Amino acid sequence: MMYDDSKISWIFRVLLWCGLLFTCTVNGKAHVKIDLTDTDDFSDLTHFGDAIADKRIVYLDELTHGEHEVFALKSRLVKYLHQHHDFDALILESGLFDVNEIDKASRNTKDKRITNMAAGNIFFSYAKDPAFLDLMDYIDSQRKTHNPLALSGFDGRLSGEFSLTRFVRQLEKQVKSIPVSDSLLAEWPIFSKQLQATLSRNFYH
């Protein structure tokens, strides 16, 4: 099935990378042994699955943005939710524009992999972790399946290399598509220069 951009919508089940960590409680004890290795046997996540069975959104939190074991757990939970509960979108705490550019490139260009574009565009703690990069490879591997896993960001900051090199040009294209673009673009040469300088941290008077 071909991927459809409209799938990134609140009417679909959405999995957010950051939010509230779900804790399994069994017989009054909040301790469930979960295997962090990359395995297709998800039987250890049964109680987690039961708890989110009727949920459309699941938030997964982290305390430090840098613990490998947390990334390994999240990677496994995302694969489980995608394979067994039909969740079909992963939204990262990283720049919306940069992650969207990565997602478009990996969907539309055969030799473009998310992991090759992550450094400098996705939040560095994620982009340097093997478990996170494994999850990105998993997303790439699901592109042509009946239930691809969409990828997006939700941080509004223009913080990545794609923002630096592409945002101003793409903004101009979008503005030109608006019926009243002439008035909006009247000061574009000055505005675009200032905007690019801001993104480049090249401030001037």
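The values are calculated or read from the model by the stated rules, or taken from the named source; none is laboratory data. Just so we're clear, the structure is a prediction, and the values are computed from it rather than from any experiment. Using ideal geometry, Cβ is built from the backbone for each residue, glycine included, and neighbour counts are taken over all protein chains shown. When the accessible area is computed, the model is the full protein with side chains, heavy atoms only, and any ligands, DNA or RNA have been set aside. Shrake-Rupley method; radii C 1.70, N 1.55, O 1.52, S 1.80 Å.
Summary table
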{"read-out": "Inter-label distance, nm, simple model (7 Å from Cα along the C-beta direction), residue 177/residue 111", "value": "2.9 nm"}
{"read-out": "Alpha-carbon Rg/Rh ratio, for segment 51-205, with Rh computed the Kirkwood way", "value": "1.05"}
{"read-out": "Net charge contributed by nearby residues that have their C-beta within less than 9 Å of residue 162 (K/R +1, D/E -1)", "value": "-2"}
{"read-out": "Three-way shape call for segment 149-205 based on the alpha-carbon gyration tensor, with the a/c threshold at 1.5", "value": "oblate"}
{"read-out": "Anisotropy class of segment 37-78 from Cα gyration tensor, a/c 1.5 cut", "value": "oblate"}
{"read-out": "Label-point gap, in nm, between residue 165 and residue 191 - each point 7 angstrom along Cα→Cβ", "value": "2.6 nm"}
{"read-out": "Lys, Arg +1 and Asp, Glu -1 on Cβ, resulting dipole of segment 54-205 about Cα centre, debye, nearest 20", "value": "520 debye"}
{"read-out": "Accessible surface, 1.4 Å probe, highest first, among residues 159, 106", "value": "159, 106"}
{"read-out": "Entries of 112/193; 104/173; 104/144 with Cα pairs more than 20 Å apart", "value": "112/193"}
{"read-out": "Solvent-accessible heavy-atom area per residue, rounded to whole Å², over segment 151-205 at 1.4 Å", "value": "74 Å²"}
